[in-house]
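Written below as structure tokens is the structure these notes are about.
The values are calculated or read from the model by the stated rules, or taken from the named source; none is laboratory data. Note that the coordinates shown come from a computational prediction; the quantities given were computed from them, not determined experimentally. For neighbour counting, all protein chains shown are included, and Cβ atoms are generated from backbone atoms with ideal geometry for every residue, glycine included. Just the protein is used for accessible areas: all its heavy atoms, side chains included, with ligands, DNA and RNA removed. Shrake-Rupley method; radii C 1.70, N 1.55, O 1.52, S 1.80 Å.
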Amino acid sequence: MREKVVSGIRPTGKLHLGNYFGAFKNFIKLQDQFDCYFFIADYHSLTTHPTPGDLKGSVKRVLAEYIALGLDPEKCTVYFQSDVPETAELYLFLNMNAYMGELERVTSFKEKARTQPDNINAGLLTYPVLMAADILLHKAIKVPVGKDQEQHLEMARTFANRFNRLYNNEFFPEPQAFNFNTQLVKVPGLTGGGKMSKSAGESDTIFLDEPATSLNKKIMRAVSDSGPTEPGADKSQAVQNLFDLMSLVCTPETIGFFDTEHKNGSIRYGDLKKQLAADMETFIAPMRDKIESTLANEKMLQEIAHLGAAKARKSAQETMAQVREIIGFSKFYM
Ligand code: AMP
């Protein structure tokens with residue numbers, strides 16, 4: 001039997017470079033080698049209270065992006081999380097053995113509690129439990145995610161091991177965060193801060209269907225600094241971010257050239273950004289076209305969603321039949 005792989009992306013807007021290099025690029029490679037389940041995490045997106053209209057539009061868009069960017073529904077299972085209600089049942093069971101103290105200590109929860117103080121809902125607190133349910137539902141071993149998810153994977157292992165200790169030693173395998181290049185990826189944003197993220201605002205993010213003009217504008221306006229204070233000076237965080245973005249789409253020669261210019265203290269950030277914008281456009285242009293044409297093919301997307309829901313539910317129902325039995329829900333009248 002091939003090893004199981006699970007990963008998902010929240011439909012909180014369009015996919016961006018961070019999603020692509022942190023997660024999606026690995027999805028495409030993994031589908032050829034493993035038994036892969038890639039989902040659109042629509043339950044997860046409810047923590048930020050999208051309107052029904054926004055949610056409907058976003059889920060369709062992310063499915064179109066999954067397919068346009070290279071997921072093949074013949075090779076892997078592509079589905080909407082909410083089409084597999086077994087996810088919610090396993091989430092409930094796992095919640096019974098998840099503790100306030102450990103959930104409150106999760107970095108992403110603390111960060112969200114700080115940035116959205118008016119909406120610290122229980123779904124935010126138990127986000128790692130729902131993520132563990134997504135993974136354990138298919139007994140996945142590999143989880144291709146970006147660096148920001150490392151701590152959540154650690155919790156998924158904790159919940160799996162706790163279940164095993166309580167009920168059945170060998171039931172859930174231990175899932176591991178996965179990247180082909182061993183190091184998990186963090187794609188920085190354009191505004192000089194940490195990881196690229198939709199919540200940091202439009203100007204921080206490059207979408208995979210970013211129109212050419214706004215792509216150019218965003219990169220030319222990206223935060224840098226006033227230049228090295230002396231030859232050999234360290235790069236500031238904002239400038240390092242620009243070099244990290246270059247490493248995704250520029251040739252080693254281009255990166256080497258600007259690196260030397262920085263070391264010599266003679267770098268012109270305008271030139272660097274111009275080059276980065278040109279190379280980024282070369283990278284994005286074919287994706288932009290493909291996403292648009294895939295979105296227009298509604299019938300194909302519907303068929304893919306139906307096929308994926310059936311395959312994912314089959315796998316989920318097998319696991320949940322066993323979980324109910326193990327916990328003690330095999331009733332005397334059955
Ligand atoms: P999300 O958009 O939070 O649902 O994330 C979906 C996937 O994209 C997860 O595997 C994240 O780790 C990954 N991801 C999101 N933003 C970044 C980023 N800036 N760098 C690397 N990976 C990211």
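Hey, any hits in segment 1-16 for a residue that's out of contact with any Ser or Thr (no Cβ under 6 Å at 6 or more places or on another chain), at pLDDT below 95, open to solvent by 30 Å² or more (accessible area, probe 1.4 Å) and more than 16 Å from the ligand (Cβ to nearest atom)? Yes, that holds for at least one residue.
For beta carbons closer than 9 Å, sequence separation of 6+ or different chains, a first residue in segment 180-205 that is closer than 17 Å to residue 237 by Cα and among the hydrophobic types (A, V, I, L, M, F, W, C) and a second that is open to solvent by 60 Å² or more (accessible area, probe 1.4 Å) and within 9 Å of the ligand (Cβ to nearest atom), the qualifying pairs are 185/147; 187/195; 196/186.
Between 171, 159, 178, the distinction of being touching a helix residue (DSSP H, G or I) at 6+ places or on another chain (Cβ under 8 Å), modelled with pLDDT of 95 or more, open to solvent by less than 50 Å² (accessible area, probe 1.4 Å) and closer than 21 Å to residue 81 by Cα belongs to 159 only. Listed by position, the helices (runs of 4 or more DSSP H) contained in segment 161-266 that have at least 3 residues being in contact with a Lys or Arg (Cβ under 9 Å, 6 or more places away or on another chain) and among the hydrophobic types (A, V, I, L, M, F, W, C) are 212-220.
Considering segment 224-274, and only residues there that are among the β-branched types (Val, Ile, Thr) and within 28 Å of residue 284 (Cβ to Cβ), the residue that is surrounded by the most Cβ atoms within 10 Å (Cβ to Cβ) turns out to be 239. The residue that is farthest from the chain's Cα centre (by Cα), among those in segment 57-69 that are open to solvent by 30 Å² or more (accessible area, probe 1.4 Å) and either of a type in the set (Val, Ile, Thr) or at pLDDT 95 or above (or both), is 60.
Residue 293 meets each of the listed conditions (1) among the hydroxyl-bearing types (Ser, Thr, Tyr); (2) surrounded by 12 or more Cβ atoms within 10 Å (Cβ to Cβ); (3) within 25 Å of the chain's Cα centre (by Cα) apart from (2).
Assigned by TED's automatic domain parsing to the domain that holds residue 24, under 17 Å from the mean Cα position of the chain (by Cα) and modelled with pLDDT of 95 or more: is that true of residue 138 in this structure?
Criteria not met by residue 138.
Among the residues of segment 70-89, those that are more than 17 Å from the chain's Cα centre (by Cα) and over 19 Å from residue 135 (Cβ atoms) comprise 72, 73, 74, 75.
State whether one or more residues within segment 226-239 are hydrophobic (A, V, I, L, M, F, W, C) and in contact with a Leu (Cβ under 8 Å, 6 or more places away or on another chain). No, every residue in segment 226-239 fails to be hydrophobic (A, V, I, L, M, F, W, C) and in contact with a Leu (Cβ under 8 Å, 6 or more places away or on another chain).
Could you tell me whether any residue of segment 27-38 is within 21 Å of residue 88 (Cα to Cα) and within 13 Å of the ligand (Cβ to nearest atom)? Yes - at least one qualifying residue is present in segment 27-38. Remark: pairs (first residue in segment 263-275, basic (Lys, Arg); second residue at pLDDT below 95 and open to solvent by less than 40 Å² (accessible area, probe 1.4 Å); Cβ separation under 9 Å; 6+ apart in sequence or on different chains) = 263/228; 263/233; 268/227; 273/224.
Of everything listed in (1) among the hydroxyl-bearing types (Ser, Thr, Tyr); (2) in contact with a helix residue (DSSP H, G or I) (Cβ under 8 Å, 6 or more places away or on another chain); (3) at pLDDT 95 or above, the single unmet condition for residue 224 is (3).
So for segment 112-125 (the condition being surrounded by fewer than 21 Cβ atoms within 10 Å (Cβ to Cβ), more than 25 Å from residue 249 (Cβ to Cβ), among the basic types (Lys, Arg) and within 15 Å of the ligand (Cβ to nearest atom)), does at least one residue qualify? Scanning segment 112-125 turns up at least one residue that is surrounded by fewer than 21 Cβ atoms within 10 Å (Cβ to Cβ), more than 25 Å from residue 249 (Cβ to Cβ), among the basic types (Lys, Arg) and within 15 Å of the ligand (Cβ to nearest atom).
Here's the yes/no breakdown for (1) within 13 Å of the ligand (Cβ to nearest atom); (2) more than 27 Å from residue 190 (Cβ to Cβ); (3) in contact with a Lys or Arg (Cβ under 9 Å, 6 or more places away or on another chain):
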| residue | (1), (2), (3) |
| --- | --- |
| 20 | yes, no, no |
| 42 | yes, yes, yes |
| 45 | yes, no, yes |
| 52 | no, yes, no |
| 77 | no, yes, yes |
| 81 | yes, yes, no |
| 85 | no, yes, yes |
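Could we say that residue 101 is assigned by TED's automatic domain parsing to the domain that holds residue 20, in contact with a Ser or Thr (Cβ under 6 Å, 6 or more places away or on another chain) and surrounded by fewer than 20 Cβ atoms within 10 Å (Cβ to Cβ) here? Before you say what the answer is, go through the steps one by one.
Values: assigned by TED's automatic domain parsing to the domain that holds residue 20: yes; in contact with a Ser or Thr (Cβ under 6 Å, 6 or more places away or on another chain): no; surrounded by fewer than 20 Cβ atoms within 10 Å (Cβ to Cβ): yes.
It is false that residue 101 is assigned by TED's automatic domain parsing to the domain that holds residue 20, in contact with a Ser or Thr (Cβ under 6 Å, 6 or more places away or on another chain) and surrounded by fewer than 20 Cβ atoms within 10 Å (Cβ to Cβ).
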